[in-house]
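Colleague: Have a look at this one before I ask anything.
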Amino acid sequence: MFKGILIEKNNDHYSVSIRSLEDSELPEGDVTIDVSYSTLNYKDGLAITGKSPVVRRFPMVPGIDLVGTVTQSDSERFVVGDQVLLNGFGVGENHWGGLAEKARLNSDWLLKLPTGLSAKQAMAIGTAGYTAMLSVIALERHGITPEKGDVLVTGANGGVGSFAIKLLSKLGYRVIASTGRPEEGEYLKALGAAEIINRNTLSEAGRPMGKERWIAAVDSVGSHTLANICAGLKYGGIVTACGLAQGMDFPASVAPFILRGVTLAGIDSVYRPIADREEAWARLANLLTDADLGSIGTEIGLDKVLTTAEDLIAGKIRGRIMVNLQH
Ligand code: NDP
């Protein structure tokens, strides 16, 4: 028997509880793992609160990220005792995920835990940090260097936003943080933000093109915010889009694309090929120190997951939540 969060749906009744589960209930897979840490991402919050149809199959153990130790393996890539990391691949959506003490997974989805990171540190980073790193790599591939201008980060207090600020500032960029919580200014400055703007200045319908303000942006918010970011990009600039915290719509004009040659780069972390994941995680392990991760993360046990998920969706959580499964 092991403990986990279980989401069930019976006759349109959606329920979530902490349950005792049997090993025989685990889904198919060639690797079985004792999960040491998972985390709470925005998507996990949506799944647990039922606010959005994230879960595709019931019953479901949520949790799109996990780190654990292999206890049984039919894979040639992993042996018993290996520490492994998983982000995405539909886990927590259509295959049982990380918010349980055990998981059975497809080995094609797994990475070895990167050298230099503990299980807890990897989950302080989680999909949010890994997505922020993919976004920063996209800016670099576009040729954005610190001397070219400011980089805007939206959803600044969120997981993706916090890591984007931290990573960009460590790489020498001047970061403008956009937030609805200006009272968290000290936290954002400690992460490395040089300037803070109120997200209200970006969240309403704006003009097709405005003053050129930033050479690049990392956006996790979408909707009018993303449209206004495009309108404020400098000539040849780029914005990465990974999220929809404000909305899934994109009420924009083509003007910045055809008159300023700006680029909109979509970022998907879920089905990203393994080679890109390895690159992103190696960069994260290299760039982030213990002190960086300590300032971003808060640890909870399985018993606090349901209430914390409500707070996350209500926008009350700052930074990252790590869930200790061996509590
Ligand atoms: P968090 O909940 O940690 O952060 C979201 C942040 O967005 C909040 O902290 C808040 O920041 C801001 N925000 C919330 N509501 C609004 C609103 N109505 N208007 C404007 N800003 C708002 O989420 P994550 O950082 O984990 O994820 C952010 C987004 O990115 C989500 O939509 C998530 O689904 C998506 N995502 C996508 C991935 C992909 O592979 N494409 C991977 C990871 C995440 P503040 O208080 O500072 O304003």
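Just so it is clear, none of the values below were taken in a lab; they were calculated from the coordinates. Since we're looking at a predicted model, the values are computed, not measured. Cβ coordinates were reconstructed from backbone atoms using ideal geometry, including for glycine residues, and neighbour counts include every protein chain displayed.
Colleague: Could you put Asp292, Asp82 in order, starting from the residue whose Cβ has the fewest other Cβ atoms within 10 Å? Provide the component values of the computation, followed by the final result.
Modeller: On the way: Asp292 20, Asp82 17.
Least crowded to most crowded, the residues run Asp82, Asp292.
Colleague: Once amide H atoms are placed 1.01 Å from N in the peptide plane, what residues at a sequence separation of 5 or more from Lys3, or on another chain, have their amide H within under 5 Å of its amide H?
Modeller: Distant-sequence amide H within range of Lys3: Leu21, Glu101.
Colleague: Moving on. State the Cα centre-to-centre distance between segment 68-95 and segment 236-282 in whole Å.
Modeller: 28 Å
Colleague: Among bridges DSSP assigns within the chain, what percent are antiparallel (round to 5)? Display every interim value, and only then the final one.
Modeller: Working: 33 of 60 bridges.
Counting only bridges with both partners in the chain, antiparallel ones make up about 55 percent.
Colleague: Read phi for every residue in segment 248-265 and hand back ³J(HN,Hα) as whole Hz from Karplus 6.51 cos²θ - 1.76 cosθ + 1.60, θ = phi - 60°, with x for Gly and Pro.
Modeller: 8, 6, 9, x, 10, 10, 7, 3, x, 6, 8, 9, 10, x, 7, 10, 10, 10
Colleague: Right, another one. Considering amide H positions built from the backbone, and no H for Pro or chain starts, which residues 5 or more places from Met322, or on another chain, come under 5 Å of its amide H?
Modeller: Here the answer is Thr298, Glu299, Ile300, since their amide H atoms fall under 5 Å of that of Met322.
Colleague: Mind computing the radius of gyration and Dmax over the alpha-carbon atoms of the chain? Å is fine for both.
Modeller: Rg, Dmax (Cα atoms, Å): 19.7, 61.
Colleague: Which whole-number percent gives the relative contact order of the chain, counting Cα pairs below 8 Å spaced six or more residues apart? Display every interim value, and only then the final one.
Modeller: Values: 771 pairs, mean separation 60.3, N = 327.
Answer for the chain is 18 percent.
Colleague: Could you please rank Phe163, Phe58, Phe89, Phe2, placing first whichever residue has the fewest other Cβ atoms within 10 Å of its Cβ?
Modeller: Values: Phe163 31, Phe58 12, Phe89 21, Phe2 17.
In increasing order of surrounding Cβ atoms, one gets Phe58, Phe2, Phe89, Phe163.
Colleague: Turning to a different aspect of this structure: Roughly what % of DSSP beta bridges within segment 82-224 run antiparallel, to the nearest 5?
Modeller: Taking every DSSP beta bridge with both residues in segment 82-224, the antiparallel ones total about 15 percent.
Colleague: Label points 7 Å out from Cα along the Cβ direction at Asp12 and Arg77: separation in nm?
Modeller: Each label point is offset 7 Å from its Cα along the Cβ direction, giving 4.2 nm.
Colleague: Any number yet on Rg/Rh for segment 98-188, C-alpha, Kirkwood? Don't jump to the answer; show the numbers that get you there.
Modeller: Working: Rg = 15.7 Å, Rh = 14.9 Å.
Reported Rg/Rh, Kirkwood definition of Rh: 1.05.
Colleague: Give the share of C-alpha pairs in each 10 angstrom bin for segment 210-302, from 0 to the last occupied bin, in whole percents, shortest bins first.
Modeller: Values per bin, smallest distances first: 15, 32, 31, 19, 3, 0.
Colleague: At each listed q (0.26, 0.31, 0.33 Å⁻¹), what is the log10 of I(q)/I(0) that the Debye formula gives for segment 140-186 modelled as equal alpha-carbon point scatterers?
Modeller: -0.96, -1.18, -1.25
Colleague: Counting only helical runs of four or more DSSP H residues, what would the 222 nm mean residue ellipticity of the chain come to if each run contributes -39,500 (n - 2.57) and the total is spread over all its residues?
Modeller: Details: 10 runs with 98 residues, N = 327.
Only helices count here, giving -8500 deg cm²/dmol.
Colleague: Can you spot the lysines whose alpha carbon is less than 22 Å from Lys170's alpha carbon? Ignore those fewer than 8 places along the same chain.
Modeller: Lys120, Lys148, Lys189
Colleague: Fewest first, what order do Thr127, Thr263 take by the number of other Cβ atoms within 10 Å? Mind showing how you got there, number by number?
Modeller: Working: Thr127 25, Thr263 17.
Going from least to most buried by this count: Thr263, Thr127.
Colleague: For segment 225-236, in order, what is each residue's ³J(HN,Hα) by Karplus, 6.51 cos²θ - 1.76 cosθ + 1.60 with θ = phi - 60°, in whole Hz (x at glycine and Pro)?
Modeller: Calculated HN-Hα couplings, in order: 4, 5, 4, 5, 4, 4, 5, x, 6, 6, 3, x Hz.
Colleague: Sticking with this one: What do you get for the angle between helix 119-141 and the principal long axis of the chain? Use alpha-carbon atoms, 0 to 90 degrees, nearest ten.
Modeller: The two axes meet at around 30 degrees.
Colleague: Bin width 5 Å, alpha-carbon pairs only: give the P(r) of segment 1-110 as whole percents, running from 0 to the bin holding the largest distance.
Modeller: 2, 14, 26, 24, 18, 9, 4, 1, 0
Colleague: Right, here's the next one. How big is D for segment 127-266, in µm² s⁻¹ as a whole number, if Stokes-Einstein is applied with the Kirkwood radius of its Cα pairs at 20 °C and 1.002 mPa s? Display every interim value, and only then the final one.
Modeller: On the way: Rh = 14.3 Å.
Stokes-Einstein gives a translational diffusion coefficient of 150 µm²/s.
Colleague: Sort out for me the Cα centre separation of segment 310-327 from segment 215-229, rounded to whole Å.
Modeller: 24 Å
Colleague: Follow-up question, since we're still on this one. Taking θ = phi - 60°, what integer Hz values does the Karplus form 6.51 cos²θ - 1.76 cosθ + 1.60 yield along segment 22-38, in sequence order, with x for Gly and Pro?
Modeller: Going residue by residue, I get 9, 4, 5, 7, 4, x, 6, x, 9, 9, 10, 9, 8, 6, 9, 9, 10 Hz, with x marking Gly and Pro.
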